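Take a look at the structure set out below.
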Amino acid sequence: MTEYANDFSEYATDFSPSEMIVTAGARQLENKKVIFAGTGLPMVGITLAQLTHGPDIIPVFEGGAVGPTLNRSLPLSVGDSRTTSKANFIQGLNSSFELTQRGFIDVGFIGGAEVDPYGNLNSTMIGNFPENYMNPDIRLPGSGGAGDMSCSCTYTILIVQHELRRFVEELQYMTSPGHLDGSPDARKNAGLQGKGPRRVITTKALMGFDDETKRMKILATMPGETVESVQAATGFELLVDENLYEFEPPTKEEIRLIREDIDPTQIYCKR
Amino acid sequence: MEWTGLSPDDAREKLEQKDKSKRDKRMSLTEAVKEFVKDGDHVGVGGFVNSRPPVAIAHEIIRQGRQDLSLAFQSAGLVPDYLMGAMAIRPDHFSISRLEFAYVGHEYAGTSSMLRYMTENNKIVIEDWTNYNMSTRFKAGSMGLPFLPTRSGLGGDIEKCNRSQYIKCPFTDRDILLVPACHPDVGIIHVQEADIYGNCRIKGQTFTCPEMAMASKNVIVTCEKLVEHDVIATEPTRTSIPYFAVDAVVELPFGSFPGLCHDIHYYGKTHLEYYKGLTNGFRKGVVEPLREYFDKYVFGVKDTDGFIGLMPYEQLKYARQVESRSLHLQQGLQEPGA
């Protein structure tokens with residue numbers, strides 16, 4: 001993981017939850033790596049990383065664009081024409097997922113409505129599965145490419161809203177496999193590639209996964225949060241890393257970049 | 001195995017019988033839909049979410065009315081939302097019985113209220129896949145193979161609600177997933193350029209349009225601009241879909257609007273969000289505004305000219321101006337009504 005070079009010494013005092021998430025996401029990205037980005041905050045995070053410590057980050061969008069520069073304002077979709085500006089290679093969905101399956105993608109950003117202790121995600125339905133699959137209580141949009149990224153990216157970073165009803169011991173439906181049941185070689189035995197989720201970023205904490213049990217653990221608390229407050233918003237027991245620390249708030253420069261250069265019209269980063 | 005659309009054997013047989021001659025395939029959209037979209041058809045929806053969605057073709061299908069269509073696509077927004085919206089308003093006139101898909105929604109503009117309405121009220125049969133699963137299914141179809149192996153869409157619950165099959169790979173001894181080919185009765189695709197024979201040039205991302213075209217029994221193409229055959233023949237490596245896969249060519253500028261068409265126009269955000277808002281209202285029980293929308297914008301017009309004719313010029317102009325420009329050149333442009 002990147003040692004975040006703290007070039008900007010002054011911390012911002014005024015920042016929104018989504019700006020905190022974007023900053024945390026950007027700081028997890030290593031320079032010169034290939035990042036598969038979904039719509040929304042990951043697009044802001046990648047651009048922020050490119051403008052700070054990661055000028056040689058290579059974004060890939062599932063619509064088919066490889067290595068573009070997002071200089072036409074933020075895309076509204078992973079199939080947006082804005083994902084193609086100055087791209088090195090453009091094909092289609094088969095191509096971008098074949099790249100993923102082959103192993104070209106280092107990091108995938110994915111999200112979901114529910115997450116369990118092993119980083120498995122649900123973005124399909126709320127209700128009884130399989131009984132009520134055809135008529136769920138709430139139908140969510142579906143896998144899209146998340147189910148593919150979770151299967152084949154070298155590792156994934158999850159962004160989930162930190163609420164009790166979303167951090168659950170058991171998912172109502174598993175759309176994107178993480179560490180499955182946490183057993184050794186669970187992913188390999190299921191036919192999956194890649195190492196699964198490495199980080200979970202929320203407005204309350206930066207989390208990772210225990211090497212042995214593959215259960216989620218708190219690595220750092222976000223500004224203003226404590227282990228207790230993070231646990232109180234989580235529907236399962238979180239482990240706590242022995243080197244727990246308090247996450248550095250966004251710097252003034254990071255916030256300036258987000259507000260002035262990356263997302264001035266607040267498409268994704270609400271203030 | 002119960003095939004939706006054509007079985008691989010039927011798809012092969014139909015293609016052997018097909019007239020593959022290089023002939024002028026121009027026709028009106030009304031004629032094309034009349035000839036190639038039948039009740040009960042399995043329809044492959046081209047584009048990706050709201051990029052190059054075949055909106056004009058979807059509107060024409062709705063106007064003519066069909067029953068029991070099934071839809072196959074990876075990720076889509078406007079097209080399934082228009083089709084499900086029409087079914088919600090006039091089920092006696094138009095209906096869908098089944099969706100095979102990975103995602104219905106509008107990304108930045110939110111989830112699909114029509115998908116919620118149809119599923120939560122048990123009005124439609126669904127089959128979930130991942131994006132790559134669906135792309136692979138079209139690719140298998142395009143290759144004349146009954147299935148392809150993939151390492152996507154396994155390990156979780158998706159494989160439990162679709163027709164994929166786990167096997168042990170005979171070479172590695174590891175589990176791998178097989179997904180069945182998808183051969184739609186008709187593929188509906190919007191592109192930037194085509195010649196009169198149906199050779200298509202897609203600009204920007206191809207999504208899975210070429211694979212879908214090659215897999216489908218019939219293909220209706222709408223294009224922004226009809227180009228001379230010589231243009232195609234001078235640089236044939238740029239042809240995304242060859243003519244003999246295409247059955248109808250319809251020149252229809254703004255055939256994707258209010259979706260995006262790469263290099264031609266950006267999203268018609270104002271109108272897209274307007275329609276999206278009406279579907280949100282419908283799900284919450286406010287029925288009339290959605291009905292009025294269809295009466296005005298779909299049933300109330302004869303064709304796409306009529307639909308686009310109802311769009312304020314400022315919205316079309318903005319969508320054209322803002323497309324494919326750097327931030328610097330976008331300065332001073334303001335979305336009308338936004």
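Please treat every number below as a calculation from the coordinates, not as lab data. No experiment lies behind these values; they were computed from the predicted model shown. Neighbour counts run over all protein chains shown; Cβ positions are idealised from the backbone, glycine included.
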Could you list, in sequence order, the residues of segment A:222-232 that are touching a residue at least 24 places away in the same chain (Cβ under 8 Å), surrounded by fewer than 20 Cβ atoms within 10 Å (Cβ to Cβ) and assigned to a loop (DSSP other than H, G, I, E, B)? A:Pro223
So for segment B:147-155 (the condition being surrounded by 24 or more Cβ atoms within 10 Å (Cβ to Cβ), touching a strand residue (DSSP E or B) at 6+ places or on another chain (Cβ under 9 Å), part of a strand (DSSP E or B) and in contact (Cβ under 8 Å) with a residue 12 or more places away in the chain), does at least one residue qualify? yes
Complete set of residues in segment A:134-163 that are more than 7 Å from chain B (Cβ to nearest Cβ), over 21 Å from B:Ala76 (Cβ atoms) and hydrophobic (A, V, I, L, M, F, W, C): A:Cys153, A:Ile157, A:Leu158, A:Ile159, A:Val160
Some residue of segment A:244-255 being surrounded by fewer than 21 Cβ atoms within 10 Å (Cβ to Cβ) and without any contact (Cβ under 8 Å) to a residue 24 or more places away in the chain: no
Across segment A:66-100, what is the total count of residues that are within 25 Å of B:Ala102 (Cα to Cα), facing chain B (nearest Cβ under 7 Å) and surrounded by fewer than 21 Cβ atoms within 10 Å (Cβ to Cβ)? 1
When the residues of segment B:229-261 are narrowed to those that are of a type in the set (Ser, Thr, Tyr) and not in a loop (DSSP other than H, G, I, E, B), which ends up farthest from B:Phe36 (Cα to Cα)? B:Thr234
In segment B:204-213, residue farthest from A:Ala65 (Cα to Cα) [restricted to those that are outside any loop (DSSP other than H, G, I, E, B) and touching a Phe, Trp or Tyr at 6+ places or on another chain (Cβ under 8 Å)]: B:Met212
How about segment A:216-271: which of its residues are under 22 Å from A:Arg82 (Cβ atoms) and aromatic (Phe, Trp, Tyr)? A:Tyr268
Within segment A:238-253, track down each residue that is among the acidic types (Asp, Glu) and over 14 Å from A:Ala205 (Cβ atoms). A:Glu242, A:Glu253
Taking interchain pairs and intrachain pairs at least six residues apart, which have beta carbon atoms under 7 angstrom, with the first residue in segment A:175-201 and surrounded by 21 or more Cβ atoms within 10 Å (Cβ to Cβ) and the second part of a helix (DSSP H, G or I) and aliphatic (A, V, I, L, M)? A:Thr175/A:Ala146; A:Thr175/B:Ile158; A:Ser176/A:Ala146; A:His179/A:Ala186; A:Leu180/A:Ala186; A:Ile201/A:Ile21; A:Ile201/A:Ala24
List every residue pair whose Cβ atoms sit under 7 Å apart, with the two residues 6 or more apart in sequence or on different chains, where the first one lies in segment B:12-30 and is of a type in the set (Val, Ile, Thr) and the second, anywhere, is in a helix (DSSP H, G or I). B:Thr30/B:Glu60
Scanning segment B:182-233 residue by residue, those farther than 24 Å from B:Met134 by Cβ and within 14 Å of chain A (Cβ to nearest Cβ) turn out to be B:Glu224
Tell me which residues, restricted to segment B:291-330, are surrounded by 14 or more Cβ atoms within 10 Å (Cβ to Cβ) and in a loop (DSSP other than H, G, I, E, B). B:Val298, B:Phe299, B:Gly300, B:Val301, B:Asp303, B:Met311, B:Glu323, B:Ser324, B:Arg325
Of all residues in segment B:117-126, count the ones that are in contact with a Ser or Thr (Cβ under 9 Å, 6 or more places away or on another chain), crowded, with 18+ Cβ neighbours inside 10 Å and within 7 Å of another protein chain (Cβ to nearest Cβ). 1
Members of segment B:166-181 found to be within 29 Å of the chain's Cα centre (by Cα) and more than 13 Å from every other protein chain (Cβ to nearest Cβ), listed by number: B:Pro180, B:Ala181
Can you tell me how many residues within segment B:81-91 are touching a Ser or Thr at 6+ places or on another chain (Cβ under 7 Å) and either within 9 Å of chain A (Cβ to nearest Cβ) or within 26 Å of A:Asn94 (Cβ to Cβ) (or both)? 1
Which one of these is touching a strand residue (DSSP E or B) at 6+ places or on another chain (Cβ under 9 Å), closer than 23 Å to A:Val44 by Cβ and without any contact (Cβ under 8 Å) to a residue 12 or more places away in the chain: A:Ser85, A:Ser96, A:Ser81, A:Ser77? A:Ser81
Residues in segment B:195-203: is at least one crowded, with 24+ Cβ neighbours inside 10 Å and in a strand (DSSP E or B)? yes
Failed condition for A:Gly112, given (1) facing another protein chain (nearest Cβ under 8 Å); (2) under 28 Å from B:Asn280 (Cβ atoms); (3) in contact (Cβ under 8 Å) with a residue 12 or more places away in the chain: (1)
Residue selected from segment B:98-116 under the condition more than 7 Å from chain A (Cβ to nearest Cβ), aliphatic (A, V, I, L, M) and not in a strand (DSSP E or B), by the criterion nearest to A:Gly112 (Cα to Cα): B:Ala109
Take B:Phe94 and tell me if it is free of Cβ contacts under 8 Å to residues at least 40 places away in the same chain, within 10 Å of another protein chain (Cβ to nearest Cβ) and either hydrophobic (A, V, I, L, M, F, W, C) or surrounded by 21 or more Cβ atoms within 10 Å (Cβ to Cβ) (or both). no
Sole exception among (1) under 19 Å from A:Gln91 (Cα atoms); (2) of a type in the set (Lys, Arg); (3) not in a loop (DSSP other than H, G, I, E, B) for B:Lys225, by number: (1)
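Would you confirm whether or not segment A:207-223 contains a residue that is on the phi > 0 side of the Ramachandran plot and either among the polar types (S, T, N, Q) or out of contact with any Leu (no Cβ under 8 Å at 6 or more places or on another chain) (or both)?
Looking through segment A:207-223, at least one residue is on the phi > 0 side of the Ramachandran plot and either among the polar types (S, T, N, Q) or out of contact with any Leu (no Cβ under 8 Å at 6 or more places or on another chain) (or both).
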